[in-house]
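In what follows, a structure is listed as structure tokens, so that the remarks can point back to it.
The values are calculated or read from the model by the stated rules, or taken from the named source; none is laboratory data. The structure presented is a predicted model; accordingly, all values stated were derived computationally and were not measured. Methodologically, a virtual Cβ is constructed for each residue, glycine included, from the backbone with ideal geometry; neighbour enumeration extends over all protein chains shown. With ligands, DNA and RNA removed, areas are computed over all heavy atoms of the protein, side chains included. Shrake-Rupley method; radii C 1.70, N 1.55, O 1.52, S 1.80 Å.
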Amino acid sequence: MAEAAVKQPEAAAEQELTDGFHLIIDALKLNGLTTIYGVPGIPITDFGRMAQAEGLRVLSFRHEQNAGYAAAIAGFLTKKPGICLTVSAPGFLNGLTALAHATTNCYPMILISGSSEREVVDLQQGDYEEMDQLAVAKTMCKAAYRVLHAADIGIGVARAIRSAVSGRPGGVYLDLPAKLFGQVMDAEKGRKSLVKVIDAAPAQIPAPASIKRALDVLKSAKKPLIILGKGAAYAQADEAVKAFVEKSGVPFLPMSMAKGLLPDTHPQCAGAARSTVLKDSDVVMLIGARLNWLLSHGKGKTWGDAPKKFIQVDIEPKEMDSNVEIVAPVVGDIGSCVQALLDGMDAKWPAPPAEWTAAVKTKRDENVAKMAPRLRNNNVPMDYHGALGVLRSIIAERPDAILVNEGANTLDLARGIIDMYKPRKRLDVGTWGIMGIGMGQAIAAAVETGKPVLAVEGDSAFGFSGMEVETICRYNLPVCIVIFNNDGIYRGTDVNKAGSDPATTVFVKGARYDKMMEAFGGVGVNATSPDELKRAVNAAMDSGKPTLINAVIDPAAGSESGRIGNLNPQSALKKK
Ligand code: ADP
Ligand code: TPW
Ligand code: MG
């Protein structure tokens, strides 16, 4: 004891050192980024181990793309950049699709990739996994940075965070060459070099004149409509959005991932009268939704012949007039904008004409009534409506569960049929209609929220990320996957007219995806009727055990490309 006490001052006199590994970990922790989604390998294997040892949650996936989708949706759910960690060239490229997807969808995400030696890469001398990753990434994301010196790690991470979450959120690439990790520097200087990002996404207050203009246009409307997009869900200004919609009395239409911001069962919800409100409205206020293909670019048949005025609330000024004239642009963050709109409405804000709201309600009730018996059908083999009717009532009973959804028919029909009751509970394919987000999103949703996840997956869609069922079992996540198994893409009935190969859109008939889950210790169920499906999903949601239910769907039930078959190019020659 006495000896040790004598030696201590000597040890303290030695210079305390830190290195790249620790500085990156400390920089992330300092900024509250404590979860990493990735795949290990050179040069980041030890980094993952050390991060885990330092208390970060490091989730290892089976493929970087899925880790990337997890990081992207973590960004959407938390308003903090989701972190994806990959190895050089091939790992980086596998993660890049997710980075581009995050950017397209306005989700904050940082893809951190290890990379090879700069000197060798730049002279193209054939390093291990050689690639000029920074140059490649630049075209796919909002910002891209490389850190060469340990002393710059703090600034590099800070820039990446601020770039990802400020203004319109998006994907950021951070390139960390192998040599950086082992670079040593004085620990005190290292600590001082770290940056805690202050006010990473500053409020962007709208100009008062823009608020007045927007309210004037809205007030003048005979047939107003509010469209809520996933930007409004992202903004987490839930109370203000609800108060604004309710005070205005205007029917609202939620885009797919904005469902639940106000409940789909809300008296003003026009979800079940979508075509009517798009066609007949005269003033349309977009809140965090773009006039892209998902809204037919704001013109054409979908929008009818009546003249329309658009009001748009968005953080990105360049979004205004992207497709049609915006008569009242409101640029700012949704929380600030919606609050300013609310503040600008006088106490006696006039309700929209009763004729309009009654017409919307009639249409909605008609459509809901028409759908009801189809959702109660108990057909075997199941059709989409019978199976989705069951899932719809399960979500109604468990509104806290998160619904992940991908596929074609499986996506389009589930979106229309399953009502959502709370914000950010529906996660799906987003702006690109990308297949493969399923397992990554399910994992991140469970990890970030701790809530049970129901993933409703087309059999094709699931195949893109199916191997991650092992990841779900490994981390014992409360994820219930329901595969709508119709033997293929859109339908399982296609036949190759010219040879013995299967048709291009069909898979092995009668496949048993449930057995994949059993292989890793999860629960697998084969469900052939709505009743069986209901029992299995409820059991999974009650137990929280990783579960995969193979829901056998009539292979003839779907339609080509689900609801967007019109986008398929047609050959004039084919018809002959
Ligand atoms: P959807 O697919 O639901 O229609 P989009 O992805 O097309 O939604 O649009 C989302 C929009 O929301 C983007 O234009 C983006 O700039 C905007 N946005 C994202 N976050 C915010 C925010 N905090 N405040 C204002 N606008 C935002
Ligand atoms: C990354 C093209 C759109 S939808 C789909 C594909 C392959 C699968 C539809 O079949 P599924 O659903 O999932 O079985 P269902 O119920 O209609 O049978 N690659 C990517 N993204 C997309 N969108 C495609 C391909 C596609
Ligand atoms: Mg299918």
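Just a few scattered comments:
- Residues of the stretch 149-185 that are assigned to a helix (DSSP H, G or I), out of contact with any helix residue (DSSP H, G or I) (no Cβ under 6 Å at 6 or more places or on another chain) and of a type in the set (Val, Ile, Thr): Ile155, Ile161, Val165.
- Search result, residues across the stretch 164-202 that are within 16 Å of ligand 1 (Cβ to nearest atom) and either more than 24 Å from the chain's Cα centre (by Cα) or within 17 Å of Leu96 (Cα to Cα) (or both): Ala164, Pro169, Gly170, Gly171, Val172
- Answer residue from the stretch 498-542, given it is within 18 Å of Asp459 (Cβ to Cβ) and out of contact with any strand residue (DSSP E or B) (no Cβ under 7 Å at 6 or more places or on another chain) and is surrounded by the most Cβ atoms within 10 Å (Cβ to Cβ) among those: Glu532
- Any hit, the stretch 211-221, residues being within 16 Å of ligand 2 (Cβ to nearest atom) and of a type in the set (S, T, N, Q): no
Residue-by-condition table, conditions (1) without any contact (Cβ under 8 Å) to a residue 24 or more places away in the chain; (2) crowded, with 24+ Cβ neighbours inside 10 Å; (3) touching a strand residue (DSSP E or B) at 6+ places or on another chain (Cβ under 6 Å); (4) assigned to a loop (DSSP other than H, G, I, E, B):
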site: Lys242; (1), (2), (3), (4): yes, no, no, no
site: Leu261; (1), (2), (3), (4): no, yes, yes, yes
site: Lys279; (1), (2), (3), (4): no, no, no, no
site: Val284; (1), (2), (3), (4): no, yes, yes, no
site: Arg290; (1), (2), (3), (4): no, no, no, yes
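- Test result for Gly433, within 8 Å of ligand 2 (Cβ to nearest atom), out of contact with any strand residue (DSSP E or B) (no Cβ under 8 Å at 6 or more places or on another chain) and open to solvent by 10 Å² or more (accessible area, probe 1.4 Å): yes
- Only residues that are near ligand 2 (Cβ under 9 Å from one of its atoms) and open to solvent by less than 10 Å² (accessible area, probe 1.4 Å) were counted in the stretch 439-471, giving 5.
- Test: residue in the stretch 278-291 that is away from ligand 3 (no atom under 16 Å from the Cβ), on the phi > 0 side of the Ramachandran plot, touching a Gly at 6+ places or on another chain (Cβ under 7 Å) and small (Gly, Ala, Ser): yes
- Residue-level check: of (1) part of a helix (DSSP H, G or I); (2) touching a helix residue (DSSP H, G or I) at 6+ places or on another chain (Cβ under 8 Å); (3) farther than 25 Å from Asp428 by Cβ, Ala306 misses just (1).
- Scanning the stretch 472-481 for residues being of a type in the set (S, T, N, Q) and either within 14 Å of the chain's Cα centre (by Cα) or open to solvent by less than 10 Å² (accessible area, probe 1.4 Å) (or both) gives a total of 0.
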